[in-house]
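Here's the structure, in C-alpha cells; my notes come after.
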Amino acid sequence: MSGLFITRTSSRHLKLFHKLFSQTRTLSNSCQSDENIRRFISENTEVVEGRSLTPEIKLRLFTPDCRFWTERPELWPFEDPYWAIYWPGGQALSRFVLDHPEVCRGRTVLDLGSGCGASSIAAQLCGAAHVVANDIDTVAAVATHMNCELNGVESPVCVTDNLIGSDPDGFDLILLGDMFYDEALATSLHSWLDRCIQLHGTRVLIGDPGRAQFEGHNIRRLLQQMAQFELPESVREENYGLTCSSVWCYNPEL
C-alpha cells in the first residue's frame, strides 16, 4: 500500500486507490459498531502532530509505521480511508481558519468532505457557533470524533448523507478541501455551491494544492485567492510535485 499512499496526490493514483479498495472491500461499515471502529482506528493509526501546516492540531493518521501502509489492500475492511490522510488542501484551509479566527467565530460552519475532521477542529478552536462535519464514510465520522477528543474540542454534528445536490441548509460558511480531484464531482460541487450562495449568501472557502482538475475547471475563474502556504518538507515528500497549497474564496460575481 505504500505506493498508493506515497503517490496519492495525482488523479491517476487517486482513481487507482479508489479502484483497488472498492474491488477488494470485505466488510460493510454499517456492520461495525462505533466501538469496534474506534478500536480498529486506535490500533491502525498513529497520533501525528507537528508535521503539517497546523502543528497545533493532533490527528490520528496513517504513517509508514502503521500496518496498512504496506499491507495488502484486500485486507482493509472498510471504505477507502481518505480520512487517514491529512491532505494538503485541507491543511491550507485549516491553517487559514486558525490564522483568521473571525472567519468562523460565531458562525454556522459546514466542513464538506470532512475526512479526518481537521477543518472542523480548526473551526471549533476559533469559536464557531455550530459545526457540521459531512463525509459519506461512517468511519470518517468516528475518526473525527476521536480527533476532536485528542484536541479537547466538542465534536461536530457528523452527517454521512451525501449533501451535494441536496437542498442546502443555511450555513454561514462552507469549508472544503481537496474535493476537486474528479471532474464530475467538481461539476456537481460547482452547481451545488452556487445554490448555497444564491439561497443563503453562504461564504465558501476552498483549499487545494493546485491539482490539474482544479486549475482546469470553470469554477477556477470565479475564485479569489486568499492565502498561499508553503508545504512543510515532510508533506512535500508525501505529495510528489506539490510544494504549496492555497485557500480560495468562491465569488460567482467575478
Quiz item: Take the residues of the range 143-153 that are open to solvent by 10 Å² or more (accessible area, probe 1.4 Å) and outside any loop (DSSP other than H, G, I, E, B): which is nearest to LEU173 (Cα to Cα)?
Solution: HIS145
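Say we look at the range 181-215 and pick out the residues that are farther than 26 Å from GLY170 by Cβ and aliphatic (A, V, I, L, M); which of these is surrounded by the most Cβ atoms within 10 Å (Cβ to Cβ)?
Among those that are farther than 26 Å from GLY170 by Cβ and aliphatic (A, V, I, L, M), it is ALA212.
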Quiz item: So which of LEU59, LEU93, LEU110, LEU125 ends up being at pLDDT 95 or above and out of contact with any helix residue (DSSP H, G or I) (no Cβ under 8 Å at 6 or more places or on another chain)?
Solution: LEU110
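Have a look at LEU93, LEU163, LEU176 and point out the one that is in a loop (DSSP other than H, G, I, E, B), in contact (Cβ under 8 Å) with a residue 24 or more places away in the chain and either touching a Phe, Trp or Tyr at 6+ places or on another chain (Cβ under 8 Å) or open to solvent by less than 40 Å² (accessible area, probe 1.4 Å) (or both).
Checking each option against the conditions leaves just LEU163.
Suppose we filter GLU102, GLU79, GLU74 for residues that are at pLDDT below 95 and either more than 18 Å from the chain's Cα centre (by Cα) or among the aromatic types (Phe, Trp, Tyr) (or both); which single one remains? Steps first, answer last, please.
Values: GLU102 fails: at pLDDT below 95; GLU79 fails: either more than 18 Å from the chain's Cα centre (by Cα) or among the aromatic types (Phe, Trp, Tyr) (or both).
From the options GLU102, GLU79, GLU74, the qualifying one is GLU74.
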Self-check item: Flag if ASN218 is more than 22 Å from LEU125 (Cβ to Cβ), among the polar types (S, T, N, Q) and either within 18 Å of the chain's Cα centre (by Cα) or surrounded by fewer than 14 Cβ atoms within 10 Å (Cβ to Cβ) (or both)
Solution: yes
Exercise. Could you please find all residues in the range 167-221 being under 14 Å from GLY113 (Cβ atoms) and of a type in the set (Gly, Ala, Ser)?
Key: GLY177, ALA186, SER188, GLY207
Self-check item: Those residues of the range 179-193 which are in a helix (DSSP H, G or I) and out of contact with any strand residue (DSSP E or B) (no Cβ under 6 Å at 6 or more places or on another chain), in sequence order
Solution: GLU183, ALA184, LEU185, ALA186, THR187, SER188, LEU189, HIS190, SER191, TRP192
Practice problem: Identify all residues within the range 101-130 that are part of a loop (DSSP other than H, G, I, E, B), over 17 Å from TRP87 (Cα atoms) and either in contact with a Pro (Cβ under 8 Å, 6 or more places away or on another chain) or open to solvent by 10 Å² or more (accessible area, probe 1.4 Å) (or both); write none if there are none. | Solution: ARG105, GLY106, ARG107, CYS126, GLY127, ALA128, ALA129
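The values are calculated or read from the model by the stated rules, or taken from the named source; none is laboratory data. Since the structure is predicted, the reported quantities are computational estimates derived from the model, not experimental observations. Counting neighbours? That spans all protein chains shown, and the Cβs are built from the backbone with ideal geometry, glycine included. To get the accessible areas, we keep the full protein, side chains included, count just its heavy atoms, and leave off ligands, DNA and RNA. Shrake-Rupley method; radii C 1.70, N 1.55, O 1.52, S 1.80 Å.
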